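Below: one structure, written as structure tokens.
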Amino acid sequence: MFWHEVSNEDTSVVPHRQITHPNIPAKLTFNQSIKQAIIYTYDESWNLIPKDLPVIDNVIYFEVPDQVVLIRLTPST
């Protein structure tokens, strides 16, 4: 599980101002062989949406938004 924990509201001004933060790029490198990686994100109705992540030389790249994402890994056998 990953998330970008930041405030989405600027409380230094009145009225408070909403802030939209960019996603943070992330890279995971594994010591063992990974066959598959799937990232799960939430839609507006809080349904999990799966998406395959390419695994290249046991490395995956993805973006972390300001809400929880889940990554499911399947090791090579």
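The values are calculated or read from the model by the stated rules, or taken from the named source; none is laboratory data. As the structure is a prediction and not an experimental result, all values here were calculated from the model. Counting neighbours? That spans all protein chains shown, and the Cβs are built from the backbone with ideal geometry, glycine included.
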Revision key, fill the gap. Checked the stretch 56-69 for anything among the aliphatic types (A, V, I, L, M) and modelled with pLDDT of 95 or more; matches are 59, 60
Review point. Out of 44, 63, 9, which single residue is in contact (Cβ under 8 Å) with a residue 24 or more places away in the chain and among the acidic types (Asp, Glu)?
Key: 63
Exercise for review: Answer yes or no as to whether residue 44 is assigned to a loop (DSSP other than H, G, I, E, B) and under 23 Å from residue 8 (Cβ atoms).
Suggested key: yes
Exercise for review: Report, by residue number, each residue of the stretch 20-42 that is farther than 14 Å from residue 71 by Cβ and more than 13 Å from the chain's Cα centre (by Cα).
Suggested key: 20, 21, 31, 32, 33
Review point. Filter the stretch 20-29 for residues that are surrounded by 14 or more Cβ atoms within 10 Å (Cβ to Cβ) and under 30 Å from residue 10 (Cβ atoms); which is modelled with the lowest pLDDT?
Key: 24
Review point. Are any residues in the stretch 30-66 of a type in the set (S, T, N, Q) and either farther than 25 Å from residue 6 by Cα or surrounded by 11 or more Cβ atoms within 10 Å (Cβ to Cβ) (or both), and if so, which ones?
Key: 31, 32, 33, 36, 41, 58
